[in-house]
Amino acid sequence: MSPNQPATVAPKRQMHLMLFPMFTGAHVAGWRHPGADPGRMHDVAFHTQVVQTAEKAKFDAVFYSDAQGFRTVVGRDVHSRNDVSRMDPLVLLSALSMVTSRIGLIATLSTSYNEPYAAARRLASLDHISHGRAGWNVVTSTTRNEARNFGREAHYGHAERYARAEEFVDVARGLWDSWDDDAFLVDKADGRFFDPDKLHGLAHQGKFFSVSGPLTTARSPQGHPVIVQAGASDAGQDLAARCADVVFMSNPDMASSQDFYAAFKTKVAGFGRDPADCKLLPSIQPIVAETEARAHEIVAELAALIHPDVAISMLELALGGAVDLHGLDPDGPLPEILETESSKSTRAKVLAMAEGRSIIELARKIAAVRTSSGLVGTPEQVADHLQTWFENGAADGFVITAPFLPGSLDAFVDGVVPILQQRGLFRTDYAGETLRDHLGLARPASRYEAQPELHVEPEIWQPD
Ligand SMILES: Cc1cc2nc3c(=O)[nH]c(=O)nc-3n(C[C@H](O)[C@H](O)[C@H](O)COP(=O)(O)O)c2cc1C
């Protein structure tokens, strides 16, 4: 470099923000708040309004959660639950892709109650439809209610569902490479629609799946849709460290997030990956208002709106469905809880909080913890909090769960985002087109580009 040339200044690291709308809002009583509009939860115009708000604020992505069965265990609280009806995230996001142009669109899809071929194809289709904005939140499902909708009496065991998930994701990734990027010639003059030499079979024979391939959908704009994972157990973390581009964290405080962040990045490196290629985003539920006092008032308003049946059912769910607490004296202590295969990490956290609390006290505490991150304050205070976590090894960005919609999202977007932008901590405009662009992630090359010897002749040419 010549002495007159200015030294290149490394661009400032910026955080990633994703919106987790949970349909009517994430707080279990949020739908009862005056700032919510729950009557419109099945109206695509409502979701359009929410996602366009996030896109205007330059969020990286919106993420829709899912369960193919009630997430409540006993169901006595069902009258007050706002998560009993959802729309299929892939279908909803396909619609939302048509009224947005830049924001990433992440759909949850369970590896326990889907087949990898159909899943890979639907996700690749969303990536085509959205011009490269699709993401997949890989979940293994947590309740037996889902199992019962798919011909099983019980949910898969924890180890088995993660083994299945790992094979599921491998098969999906293999299928996404079925077609080389330049396989489609569409040569009208020559009459050649595609080049058969650029098409690959899969011939996968594993413990859980047998998939011949190829995928009947061309390689998508991102090559592979962005993979998101939120497993907290060792098995969940291993899956995420091996294959996830984004990890949703749910650690309760900065110290535990820092520990998780450091250990997890090391784990990612252990799989031969660059730790920077896996973005760690704690999920937070900020309650923002013009004054601190008003923000705390909103917290109290929300807590007062939680129905007691809901609190006890949330506790049962957190304990993995091991016990029916509704028949017990709510002012008595928690009985001894047997270990189940469901959500091991969550269960351990709950048992640690049971000490010295009655069932209803513990239930209210769990409901409060599960429905508020404790991040309550003015836009300035919330921005300070995010900055501190981001600059101290606790986060690459955040999943913003809105307690109620659209009110709490508007408060965050109008109040906090401009402050983060003024501080240079968040983009003021999108620099790229795809979700991978927003996340600073490279488009994965096809496995056959680096290793042509992996090619498998498609079986489709053989007569039946
Ligand atoms: C932000 C966030 C979103 C999640 N979304 C879903 C979801 O939509 N569906 C689901 O079945 N599980 C969801 N989970 C649960 C995780 O996939 C995972 O099962 C849970 O964190 C427990 O970890 P473990 O399975 O490793 O024990 C979510 C978790 C987090 C932190």
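Amide H contacts for Leu19 (H built 1.01 Å from N in the peptide plane; partners 5 or more residues away or on another chain; cut-off under 5 Å): Ala61, Val62, Phe63, Ile400. With everything on Cα atoms, drop me the angle between helix 344-354 and the longest principal axis of the chain, reported from 0 to 90° to the nearest 10. The angle comes out near 10 degrees. Projecting label points 7 angstrom from Cα along Cα→Cβ for Lys207 and Asp182 puts them 4.1 nm apart.
What is the angle, in °, between the Cα long axis of helix 308-318 and the longest principal axis of the Cα atoms in the chain? Nearest 10 is fine, range 0 to 90. Long axis of 308-318 versus the principal axis of the chain: about 50 degrees.
Its relative contact order, with pairs defined as Cα atoms under 8 Å and 6+ residues apart, puts segment 382-464 at 18 percent. Using the Cα gyration tensor of segment 316-411, with a ≥ b ≥ c the square roots of its eigenvalues, what is the shape: rounded (a/c below 1.5), prolate (a/b larger than b/c) or oblate (neither)? Here segment 316-411 falls in the prolate category. Residues Val226, Val186, arranged from fewest to most other Cβ atoms within 10 angstrom of their Cβ, appear as Val186, Val226. Here's the picture: a label point sits 7 Å out from the Cα of Asp384 along the beta-carbon direction, and within segment 270-302 the residues with their amide nitrogen under 14 Å of it are 291-293. Extension gain, Arg192-Tyr430: 0.36 nm per intervening residue step, less the Cα-Cα distance, totals 81.9 nm. Proximity of backbone amide H atoms, modeled 1.01 Å from N, is registered between His27 and Phe404 at under 5 Å, excluding neighbours fewer than 5 places apart on the same chain. Bridgeable lysines around Lys279 (alpha carbons under 29 Å apart, same-chain partners fewer than 8 residues away excluded): Lys12, Lys56, Lys58, Lys265, Lys267, Lys344, Lys349. Taking a point 7 Å from the Cα of Arg148 along the Cα-to-Cβ direction, the residues of segment 277-315 with backbone N closer than 20 Å to it are 309-315. When only the Cβ of Lys, Arg, Asp and Glu is charged (+1, +1, -1, -1), the dipole of segment 290-365 relative to its Cα centre reaches about 220 debye. Taking all Cα pairs closer than 8 Å and separated by 6 or more residues, the relative contact order of the chain comes to 23 percent. The charge dipole of the chain, taken about the Cα centre with unit charges on the Cβ atoms of Lys, Arg (+1) and Asp, Glu (-1), comes to about 340 debye, rounded to the nearest 20.
Helical content of the chain, expressed as a calculated mean residue ellipticity at 222 nm, amounts to -11500 deg cm²/dmol (DSSP H runs of 4 or more residues, -39,500 (n - 2.57) each, divided by residue number, nearest 500). Farthest towards the positive end of the charge dipole of the chain, among the residues Leu123, Asn137, His42, is the Cα of His42, using unit charges on the Cβ of Lys, Arg, Asp and Glu.
Between Arg357 and Leu328, the simple label model (points 7 Å from Cα in the Cβ direction) yields a spacing of 1.3 nm.
What net charge do the residues around Lys279 carry, taking every other residue with its C-beta under 10 Å from that of Lys279, with Lys and Arg at +1 and Asp and Glu at -1? Net local charge, Lys279 excluded: -4. Axis of helix 44-56 versus longest Cα principal axis of the chain: the two differ by about 80°, to the nearest ten degrees. Take each peptide in 416-427, 111-122, count the other Cβ atoms within 10 Å of every residue, and average; sorted highest first, the result is 111-122, 416-427.
A short reminder: the numbers here are calculations on the coordinates, not readings from a lab. Remember, predicted model here, so these are calculated numbers, not experimental data. Quick reminder, even Gly has a Cβ in these numbers, built from the backbone with ideal geometry, and neighbours come from all protein chains shown.
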